[in-house]
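Peer 1: Before I ask anything, here is the structure I am working with.
The values are calculated or read from the model by the stated rules, or taken from the named source; none is laboratory data. Keep in mind the model is a prediction, meaning the values are calculated, not measured. We place every Cβ from the backbone using ideal geometry, glycine too, and count neighbours over all the protein chains shown. Accessible surface areas use protein heavy atoms only, side chains included; no ligands, DNA or RNA. Shrake-Rupley method; radii C 1.70, N 1.55, O 1.52, S 1.80 Å.
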Amino acid sequence: MLAEFVAGQRAAGVTPQPLRARVPGRGKSYRTGLTGWYLRKNRSLAVGEDGSYYILDVPPSLVARFRGVTIEPSDPPLVVGRGARDGESIELAELLRRARAESEAPK
């Protein structure tokens, strides 16, 4: 699914952007050295240009403010957010479809 998403974004001419890791609730973000497409409006999840799935939430760090952070790819779940306290879960296929539609919408 992720490879199809990346291929579709490229075919549609949607340019990947630098991905930033975020500190939830703090309004801070750090460089990651990655490029790709965000999957959620809050920028907590992304797909890299290489088709990897990234969770972009990180703890606050003084060092990261200057050096950035290294984010390792995660195994993508078939249902994103299952078991989370906020109760917001969505199938990965639907999340990818929504991200694709949003990226193609006129700004």
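Peer 1: Looking at region 44-97, which GluC sites (Glu not before Pro) are in a loop (DSSP not H, G, I, E or B) and have at most 16 other Cβ atoms within 10 Å?
Peer 2: In loop regions of region 44-97 (DSSP not H, G, I, E or B), the sparsely surrounded GluC sites (Glu not before Pro) are Glu49, Glu88.
Peer 1: For the chain, which whole-number percentage of the solvent-accessible area (1.4 Å probe, protein heavy atoms only) is attributable to carbon and sulfur atoms?
Peer 2: Carbon and sulfur atoms account for 49 percent of the accessible area of the chain.
Peer 1: Let me ask another. Among 57-63, 38-44, 98-104, what's the highest-first ranking by average C-beta atoms within 10 angstrom per residue?
Peer 2: 38-44, 98-104, 57-63
Peer 1: May I ask for the angle, rounded to the nearest 10°, between helix 2-11 and the longest principal axis of the chain, with both axes built from Cα atoms and the value confined to 0 to 90°?
Peer 2: Helix 2-11 sits at roughly 70 degrees to that axis.
Peer 1: Any chance you could get the radius of gyration and Dmax over the Cα atoms of region 4-70, in Å?
Peer 2: Rg then Dmax for region 4-70, in Å: 12.4, 39.
Peer 1: Once the piece of chain linking Thr70 and Ala12 is laid out straight, how much longer is it, given 0.36 nm per residue of separation minus the C-alpha distance between them?
Peer 2: Taking 0.36 nm per residue and subtracting the Cα distance, the gain is 18.0 nm.
Peer 1: Would you mind working out the accessible area per residue for the chain, using a 1.4 Å probe, and quoting it in Å²?
Peer 2: 65
Peer 1: Give the angle, between 0 and 90 degrees and rounded to the nearest 10, that separates the Cα long axis of helix 92-104 from the longest principal axis of the Cα atoms of the chain.
Peer 2: 90
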